[in-house]
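The values are calculated or read from the model by the stated rules, or taken from the named source; none is laboratory data. No experiment lies behind these values; they were computed from the predicted model shown. Cβ atoms come from the backbone with ideal geometry, glycine included; neighbour counts cover every protein chain shown. Surface accessibility is based on the protein's heavy atoms, side chains included, excluding ligands, DNA and RNA. Shrake-Rupley method; radii C 1.70, N 1.55, O 1.52, S 1.80 Å.
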Amino acid sequence: MRVVRKFIASVWVDVAALILIGIVFVVPFVFIFLTAAKTRPEAALFEFSWPSQFQLIENIRDVLAFGDNRMFLALWNSLLLTVGSVTLIVLFSALAAFVMQRRRDRMASVASSVMLAGLVIPPAVVPTIFLLQWLGLYKTLLGLILVEVAFTLPFATLIFRTFMASIPSELDEAAIMDGASPWRVFFSVILPLLRPAIITVIVVSAVAIYNDFTGPLYFLLARRTSLRS
C-alpha cells in the first residue's frame with residue numbers, strides 16, 4: 001500500500017501537467033478540426049460540437065480552389081520567401097561572424113556595435129519602403145527577402161559568433177599553412193563545424209519568417225500611392 005501511495009505521489013505532478021497540456025493545446029486543435037469539417041452555417045455558430053454533416057475534404061478542396069488556386073500560389077511564395085531568406089541569412093551571418101570573431105581590430109568592434117544596434121533598435125518601416133522604392137524592389141519578392149535577411153541577420157550573427165568562439169584558431173592557422181585560401185578555410189574547415197549553430201539558425205529563422213505577417217503586409221501588399229500622397 002505504501003508503494004502505491006509513493007507511486008501516486010511521484011506521478012501526480014506529471015499527470016496534472018499532461019492534463020493541462022491537453023486542455024491548452026489539444027482542445028483548441030480538436031475545435032479547429034471539428035469546425036473545419038462543418039458546413040458554413042454550423043461553423044458560423046462557433047460551437048464545440050460534432051458536425052451534422054462531415055465534409056472536411058470538401059471544405060479543404062474549396063479553400064484550395066478559391067480564387068483560381070490562390071492558396072497554392074500563397075504557399076509557393078511563402079516557400080520561396082522562407083528558403084531564400086534562410087539561405088542568405090545562414091551564409092551572410094556565418095561569414096560575418098567568422099570575420100568578427102577572428103579579427104581583433106577596431107573595424108571588428110565597429111561591426112559588432114552595428115550588429116548589437118540591429119538587435120536593440122526596432123526596424124523603421126517607412127524609410128525601408130522608400131529605400132525599396134528607390135532600388136526598384138518595392139512590392140517584389142526579392143525586396144521582401146532582402147528585408148527579412150536584414151531584420152534577422154544581427155540575431156543569426158550573434159548565434160554564429162558565440163558558437164565560433166569555441167572553435168580554436170589553430171585550425172585556421174593549420175589550414176593556411178597547408179596552402180588553403182581564406183575562402184577554403186571557411187567553407188572546408190569552419191562551416192562544417194558550425195552544424196549545430198546552423199540548425200538553430202535555420203529552425204528559428206524559418207519559423208519566424210514563414211509566420212511573419214507584418215513584413216509581407218508592409219513591403220509586398222501595401223499600396224504605393226499611400227506613401228507618395
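Laid out as a table, the results:
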| item | result |
| --- | --- |
| Selection within segment 111-138 - within 25 Å of SER166 (Cβ to Cβ), under 22 Å from the mean Cα position of the chain (by Cα) and not aliphatic (A, V, I, L, M) | GLY118 |
| Residues (over 27 Å from the mean Cα position of the chain (by Cα) and charged (D, E, K, R)) located in segment 54-110 | GLU58, ARG61, ASP62, ASP68, ARG102, ARG103, ARG104, ASP105, ARG106 |
| Test: residue in segment 152-164 that is open to solvent by 60 Å² or more (accessible area, probe 1.4 Å), modelled with pLDDT under 90 and out of contact with any helix residue (DSSP H, G or I) (no Cβ under 7 Å at 6 or more places or on another chain) | yes |
| Number of positions in segment 30-82 that are polar (S, T, N, Q) and either exposed (fewer than 13 other Cβ atoms within 10 Å of the Cβ) or not in a helix (DSSP H, G or I) (or both) | 6 |
| Matching residues, segment 83-115, being among the aliphatic types (A, V, I, L, M), open to solvent by less than 50 Å² (accessible area, probe 1.4 Å) and modelled with pLDDT under 85 | ALA108, ALA111, MET115 |
| Residue count, segment 173-184 (criterion: surrounded by 11 or more Cβ atoms within 10 Å (Cβ to Cβ) and either modelled with pLDDT of 85 or more or not in a helix (DSSP H, G or I) (or both)) | 6 |
| Some residue of segment 168-180 being under 27 Å from TYR210 (Cα atoms) and hydrophobic (A, V, I, L, M, F, W, C) | no |
| Condition check for LEU20: in a helix (DSSP H, G or I), at pLDDT 85 or above and either in contact with a Phe, Trp or Tyr (Cβ under 7 Å, 6 or more places away or on another chain) or among the acidic types (Asp, Glu) (or both) | no |
| Any hit, segment 99-112, residues being touching a Phe, Trp or Tyr at 6+ places or on another chain (Cβ under 9 Å), under 21 Å from SER78 (Cβ atoms) and among the polar types (S, T, N, Q) | no |
